[in-house]
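Taking it in order: structure first as structure tokens, then the write-up.
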Amino acid sequence: MDSNYDPQAIEAKWQKRWADEKLFETEAALGRKKYYVLEMLPYPSGDIHMGHVRNYSIGDALARYMGMKGYNILHPIGWDAFGLPAENAAIKSQRHPSEFTFSYIDRMRGQLQRLGVSYDWRREIASCVPEYYRWNQWFFLKMYERGLAYRRKSRVNWCPECETVLANEQVVDGCCWRHEETRVTERELEQWYLKITAYADQLLDDMKELVRWPERVLTMQKNWIGKSLGTFVDFTVSGLWKPLRIFTTRVDTIFGCTAVFLAPEHPLVEELVASSKEPTRLREDVERIKSSAVRARVELNLDKLGVDSGFTARNPYNGEAVPIWLANFVLMEYGTGAIMAVPAHDERDYEFCSAYRLPIRTVIVPEGTDSAAWADPPLKAMVEYGRLVASGPYSGLSSAEAMERMTGDAEAKGFGEGTIQYRIKDWGISRQRYWGTPIPMVYCDACGIVPVAEKDLPVILPPNVKLTGRGHSPLADVPEFVHTTCPKCAKPARRETDTMDTFVDSSWYFYRYTDPKIATAPINKDVVKYWFPVDQYIGGIEHAILHLIYMRFFTKVMRDIGLVEFSEPVARLFTQGMVIKDGAKMSKSKGNVVDPTEMFAKYGADTTRIYMLFAAPPEKDLDWSDAGIEGAARFVNRVYRLVAKHAGKLEGVRAGKLRAKDKAALTAEERRLLRKAHQTLRHVTEDMEERWHFNTDIAISMELVNDLTDLEAAVAAGKIRPAAHRTALEFLVTILSLFAPHVADELWEGLGHAEPLLKVSWPAFDAELAAEDELELPVQVNGKLRARIRVAASASEEEIRTRALAEEKVIQHLSGRQVVKVIVVPQKLVSIVVK
């Protein structure tokens with residue numbers, strides 16, 4: 001072996017050999033256990049960033065480990081290739097978006113290949129090609145057939161920067177998810193929707209299958225779906241003498257209702273304005289609240305604003321007339337667009353009613369509390385369930401009893417009913433941009449809205465289009481695209497000119513990887529049956545209520561149309577932390593971007609990967625450190641020099657499993673080295689199976705390198721025989737292959753092996769050899785470390801206690817003091833309490 005580590009030459013050599021040997025290519029093989037490793041596909045933005053390097057290094061470590069464990073590995077990659085960035089770049093340069101997209105794909109593909117990730121590149125997909133997006137259109141038609149795709153006019157979120165519609169999930173803190181400082185406004189447009197609400201209960205109920213998903217993600221999805229059991233109650237509007245239906249999840253608090261709040265878009269508002277004694281003033285107030293409501297819907301912390309309409313509504317439970325207010329935080333899309341204000345038992349209502357000096361009345365007190373001793377009005381909202389007070393015939397009931405009885409009474413007397421409501425709304429997929437999937441619908445004056453025939457798919461994006469980024473969809477200005485014939489009557493018709501939300505593309509792409517060339521269907525059902533579910537999915541937490549809900553919805557639709565036989569596509573989900581620098585998210589504007597390509601050129605891909613996995617636990621944010629990658633480079637160099645130094649001397653030596661008599665014959669130095677080697681292997685094996693503490697895996701590997709270095713003199717003196725030495729080195733190199741595969745294969749070859757490590761079985765650790773003969777335990781006196789003792793691993797607590805009390809340094813701190821107790825924490829420490 002060359003004694004000098006040259007990462008550029010080594011990495012180029014092994015990338016070529018892996019490709020020549022088709023090492024990462026795989027096919028379905030019935031009867032062979034499979035493992036599907038998937039990282040979220042990237043958007044081709046021009047260059048990979050350090051977040052990509054981290055994400056793909058995590059997935060690659062797992063794919064390589066499971067491959068060495070004997071699994072048939074599917075590890076694919078593709079491109080989420082439609083979207084606004086390419087279109088915006090095309091507008092600025094007056095070039096076609098496809099030019100940017102495919103040039104960026106070429107560049108990023110080269111960077112990922114330079115990273116050495118074990119992708120089967122034959123399965124590569126790009127969502128912007130007709131061979132892919134025709135199936136987006138096919139899915140749309142299937143949903144339309146089932147009533148799951150429909151068109152309606154509605155208020156939508158509008159990004160002035162993107163000049164297009166955003167789904168609710170794409171609005172973050174009042175701003176566009178792509179343009180974090182651009183305020184979202186509202187427009188009223190005809191839009192196409194996918195009826196995700198039809199699957200709301202299934203999306204909730206099937207979470208019981210997601211036992212290996214992060215609880216944080218499941219909680220975010222539950223909150224976004226927002227299932228609420230509640231009651232409709234009909235108040236009566238004074239003067240108009242018509243019902244006003246409100247929705248509440250806490251009908252037990254209705255005797256504490258001191259106002260009714262309306263969304264400014266509620267149909268009743270126009271009648272109130274028309275009937276008002278001051279219609280001009282009320283109209284101005286309505287417009288002011290309506291303008292504020294646009295922001296309040298997407299900004300959780302925006303001030304709550306309201307205005308008194310001058311009208312009242314009668315509470316059917318107690319006959320009390322309460323004022324009707326218009327409020328910017330009431331959603332027309334949730335419930336009925338009208339809610340009751342119960343300030344004593346709702347924090348938002350308490351804040352609002354306190355600000356506007358509306359009455360606050362306690363009607364629920366904690367169980368076992370004397371209602372007379374309960375402050376009224378309260379100092380803060382009591383939102384918990386309890387016992388009803390000042391609630392007429394319901395006083396004394398528990399909240400649960402009252403809700404059941406009061407809902408039943410509303411139904412019996414005809415002024416209400418029990419109901420279920422959801423926060424999640426149907427998915428608006430219409431986008432007024434060019435670079436996306438055309439929606440396969442036409443408009444015929446004779447037949448109305450008509451779907452394109454399946455045989456005529458795909459509806460292809462026209463190449464000659466003028467992009468301005470302003471106003472309506474650019475497709476509307478392409479006559480040869482717009483003008484078509486009706487699929488029903490063959491008369492002249494107009495095509496839909498909006499394109500689909502790009503989240504449609506990413507809702508099923510992972511199925512296409514299993515047979516990316518199939519031309520007769522979106523997926524090959526037999527192959528999908530072999531590879532699914534995805535065993536491990538890796539991506540960012542930011543997709544919890546976007547992609548990760550949409551893909552679950554798509555799978556359920558695919559099940560219902562007979563494409564798959566299961567309800568959930570992903571068995572296990574892992575959300576990795578971000579890569580930041582100087583405490584902030586990397587961005588060009590902040591000048592804190594680290595270019596992976598520069599790191600590859602300076603240190604090599606292996607060193608970059610080692611650093612990304614070592615610097616922080618994978619689920620935590622990683623704060624980039626130049627000193628940290630220097631340290632990783634020193635470690636990789638040290639391993640290389642260590643193995644290269646001894647590889648020649650071990651030629652022809654075999655490292656095999658030790659029998660009992662072999663273990664008995666081990667020297668003390670051999671036992672020490674093999675103990676550390678098997679402990680390291682055990683730690684990494686257990687981590688790869690469950691915990692994923694890559695940082696500690698690399699740290700314990702560093703400890704093994706330290707022991708190998710410390711024991712070089714013992715090797716030279718013959719106290720460590722070649723077989724034991726080779727075993728420790730081979731364990732080290734095998735472990736390293738998960739995190740730094742190029743240099744590991746180079747060292748493996750240097751140790752005399754012909755095949756790359758991916759063709760080698762993962763070794764089994766020997767629990768007996770990994771066991772400690774002795775333990776070193778810290779001894780504390782009143783919480784302060786005073787000594788360390790060594791005891792036999794099999795020592796009893798009494799033996800450990802006796803040994804600790806006999807330690808000279810401990811005795812010095814016990815002089816003249818009484819030992820109260822001695823606590824032995826097995827294999828951890830000894831704590832002595834004195835006074």
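The values are calculated or read from the model by the stated rules, or taken from the named source; none is laboratory data. All of these numbers come straight from a predicted model, not from anything done at the bench. Positions of Cβ are backbone-derived with ideal geometry, glycine not excepted, and every protein chain shown enters the neighbour counts. For accessibility, only protein heavy atoms count, side chains too; no ligands or nucleic acids. Shrake-Rupley method; radii C 1.70, N 1.55, O 1.52, S 1.80 Å.
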Answer yes or no: is there a residue in the stretch 534-546 that is out of contact with any strand residue (DSSP E or B) (no Cβ under 9 Å at 6 or more places or on another chain) and either free of Cβ contacts under 8 Å to residues at least 40 places away in the same chain or acidic (Asp, Glu) (or both).
no
Quick one: in the stretch 10-29, of everything that is of a type in the set (A, V, I, L, M, F, W, C) and part of a helix (DSSP H, G or I), which residue is farthest from the chain's Cα centre (by Cα)?
Ile10
Can you confirm whether Lys661 is among the basic types (Lys, Arg), modelled with pLDDT under 95 and either farther than 30 Å from Val594 by Cα or open to solvent by less than 10 Å² (accessible area, probe 1.4 Å) (or both)?
yes
What do you reckon, is Gly46 open to solvent by 20 Å² or more (accessible area, probe 1.4 Å) and at pLDDT below 95?
no
Condition broken by Ala390, with the remaining ones in (1) at positive phi; (2) part of a helix (DSSP H, G or I) satisfied
(2)
Does any residue of the stretch 642-657 turn out to be out of contact with any Cys (no Cβ under 8 Å at 6 or more places or on another chain) and free of Cβ contacts under 8 Å to residues at least 24 places away in the same chain?
no
Ser567 fails exactly one of the following numbered conditions: (1) open to solvent by 10 Å² or more (accessible area, probe 1.4 Å); (2) modelled with pLDDT under 95; (3) closer than 20 Å to Lys195 by Cα. What is the number of that condition?
(2)
Give the stretch 183-216 a look and list any residue that's open to solvent by less than 30 Å² (accessible area, probe 1.4 Å) and either under 22 Å from Asp498 (Cβ atoms) or not in a loop (DSSP other than H, G, I, E, B) (or both), or say none.
Val184, Gln191, Trp192, Tyr193, Leu194, Ile196, Tyr199, Ala200, Leu203, Asp206, Met207
Of the listed residues (Gln113, Gln137), the one being under 30 Å from Met599 (Cα atoms), among the polar types (S, T, N, Q) and either touching a strand residue (DSSP E or B) at 6+ places or on another chain (Cβ under 6 Å) or not in a strand (DSSP E or B) (or both) is Gln113
Could you grab me the full set of residues in the stretch 140-182 that are in contact with a His (Cβ under 8 Å, 6 or more places away or on another chain) and either surrounded by fewer than 18 Cβ atoms within 10 Å (Cβ to Cβ) or not in a strand (DSSP E or B) (or both)?
Glu161, Cys162
Report those strands (runs of 3 or more DSSP E) wholly inside the stretch 217-322 carrying at least 3 residues which are over 24 Å from Met382 (Cβ atoms).
228-237, 242-248, 306-314
For the structure I just gave you, tell me whether Glu774 is over 42 Å from the mean Cα position of the chain (by Cα), open to solvent by 80 Å² or more (accessible area, probe 1.4 Å) and acidic (Asp, Glu).
yes
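The rows are residues; the columns are (1) modelled with pLDDT under 95; (2) among the small types (Gly, Ala, Ser); (3) surrounded by 21 or more Cβ atoms within 10 Å (Cβ to Cβ).
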{"position": "Val53", "(1), (2), (3)": "no, no, yes"}
{"position": "Ile58", "(1), (2), (3)": "no, no, yes"}
{"position": "Arg64", "(1), (2), (3)": "no, no, yes"}
{"position": "Asn72", "(1), (2), (3)": "no, no, no"}
{"position": "Ala86", "(1), (2), (3)": "yes, yes, yes"}
{"position": "Ala90", "(1), (2), (3)": "yes, yes, yes"}
{"position": "Gln94", "(1), (2), (3)": "yes, no, no"}
{"position": "Glu99", "(1), (2), (3)": "yes, no, no"}
{"position": "Phe102", "(1), (2), (3)": "no, no, no"}
Would you confirm whether or not the stretch 286-293 contains a residue that is closer than 23 Å to Lys227 by Cα and either open to solvent by less than 20 Å² (accessible area, probe 1.4 Å) or modelled with pLDDT under 95 (or both)?
yes
Could you run through the stretch 144-178 and say how many residues are over 16 Å from Gly428 (Cβ atoms) and not acidic (Asp, Glu)?
7
Closer than 30 Å to Glu670 by Cβ, surrounded by fewer than 11 Cβ atoms within 10 Å (Cβ to Cβ) and not hydrophobic (A, V, I, L, M, F, W, C): is that true of Lys835 in this structure?
no
Scan the stretch 777-786 and give yes if some residue there is at pLDDT below 90, at negative phi and open to solvent by 60 Å² or more (accessible area, probe 1.4 Å), otherwise no.
no
Limited to the stretch 667-696, what total is found for residues that are over 24 Å from Tyr56 (Cβ atoms), of a type in the set (Asp, Glu) and open to solvent by 10 Å² or more (accessible area, probe 1.4 Å)?
1
For residues that are under 23 Å from Ala633 (Cβ atoms), open to solvent by 10 Å² or more (accessible area, probe 1.4 Å) and touching a residue at least 60 places away in the same chain (Cβ under 8 Å), scanning just the stretch 697-735, find the one that is farthest from the chain's Cα centre (by Cα).
Thr709
